[in-house]
Structure formats: C-alpha cells, structure tokens
C-alpha cells in the first residue's frame, strides 16, 4: 500500500459545544437509535439494514475517466485556485403537517458548509427557497419516478448552482448526491437530496443530526468517493492520504487500525466521507481537497466564468470526453 498519510482538519468551531452536548448520548454501541423517524435496535442494526448514503457506486468507466482527467490536469499544470461561489436553490418538500423547515435551519446548514468547504475555495450562497407540499415527493426514494418528477419540475440551473432537496427519506436513508461527471449526461437530475432530520436544529435527535449529512453528500457532489470505497482493494477511494478501510466505520472508534493487509494507518473515522457519527466528523485530507478542486473545476466549470472561457480546458474536454 505504502501511501502517505497527511491529515488536515476543517473543524467547525461553532459546533464544538453542540457536538459535545449532543454526541454523548450516542457514544454507547448497544442502545437503540432513531434515524429519520424509524427506530433501530442498535447503531450496528442501522448500519446493516439502513442506508446512510444512497449515492450510487461509480462505474469502472467513470473511475478510469476521472483518472485520465486528473492526470491531464497535472500534465498541463492546471490548478483551480480561484474562489467559486455556488448559488444554492433549496427545495423544501413537506406534507403540510411536517417537513416545512424554517429558513434558520437552511441558513445554519449553509453557514456550516462555508466553514467546512473553505479550503476547497467553495462559497455557498442561498439563491432562493422553494416550499412544496407533495406527499409522494416527501418520501422520495432513489431512482424512483418520484425523484425524476421532483427534480424535473423543481431543478434550476443545475450547471450553475446546487439544487438542495430536503424530505423525509424512507428506510433510514440520510441522503444521496450526483457525481460531477454525470452532470452533462443527466443535467435535470443533478443535486443532493437530504433527510430533513439531519439539518441543524432537528427535532428528531439521532447520531446524524449535526448537519454532516449535507457535508458528506456535497463531498460526493464535488467528486469524492467514500473512504471505504473498494474495501482493501486498489484503487480504494483514489485518495492516497486516506487509509484503506475494509468496511465503513460506525460510531466513533478513534485510533482503530485498519484491518486491510499491509495498511498500518488508523481507519479515517473522522473523515467526512466515512459513515461515522456526526459528532466524529471533522476533516478532509489535503488530497481530497485537491480532488474536489479538480472535479468541480473540470466538470462543473459553468460555476466559474474564467474556467468556462479557458481554451486549454476546452481542448482537454474535447480530447478526453
């Protein structure tokens, strides 16, 4: 394996006291937990039967394609080091009785995103908030007719913004996202779908109510894979400064060595792209930051006018795609 280990932290200072207060009741592994209004016998049961993130696995073609893109960017000395403003279109789905989240929760979520994604040079700004009463959309599932109709009707400027949907997702699902390399093939489907209980100020206490679901899903939206992607096999998550991890983490097992043969580092339980409790998540690594800059700059180039006008990048896209 022999991969270098660098760890950088993007800690949200404003959440420190909240994490200490809310994270403690869920430290034990044995007790029941409630996620998305559904009770599970234990955290282990949730991990095994629930679904924290529904973002689909990348295909082998996609993996090879992004590897070629990143190699070409390095060969041509392309670096994306300009601040990028991302307008956020919030689509708050509710059933009339529940789910109509107040603006303060949406603002708190964006404030957290701006702290976490500052090293990636991404700044999120609320463009507008739409509130939609629709019982079918309120319990939307992945790759369902409801997802298609919801996004087709509500999605706005998907190439130049982030469409952020909140709803009461089924089966303990916390959220899912679309990868940047799928944007131009499926523009209307682009965005993130987030379980309403995961936003700040949720009235449904759980190990996942400190806003980190959106951080995690937007990591996917920016091109990151899960830290446990591929288990112990190459290329893993394609990030050399995260340890190989056989399975996703649960809870917050700090300083636990990876079970992968040849891997001597601790599992990245504090990484935003694992499945740890929200109170445990604190960091992206430097190479995760670099990958997000590459993927957003190359595939989501309409967000940045200077990138859109780049003749070099236009040539690379023509050659690579």
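Some points to look at:
- Backbone N under 18 Å from the residue 123 label point (7 Å along Cα→Cβ), restricted to region 82-103: 82-89
- The Cα center of region 200-217 and the Cα center of region 134-157 differ in position by 21 Å.
- The calculated FRET efficiency for the pair residue 97 and residue 321, based on their C-beta separation and a Förster distance of 56 Å, comes to about 0.75.
- Relative contact order of region 188-321, pairs being alpha-carbon contacts under 8 Å that are 6 or more residues apart, as %: 19 percent
- Cα-based shape type of region 143-201, given that a ≥ b ≥ c are square roots of the gyration tensor eigenvalues and the cut on a/c is 1.5: prolate
- By the beta-carbon count within 10 Å of each Cβ, the least crowded to most crowded order of 300, 315, fewest first, is 315, 300.
- Projecting the alpha carbon convex hull of region 13-320 along each direction and taking the average yields 15.3 nm².
Read the figures in this text as sums done on the coordinates, not as results from a lab. Just so you know, these numbers come straight off a predicted model, no measurement behind them. Backbone-built Cβ (ideal geometry, glycine too); neighbour counts: all protein chains shown.
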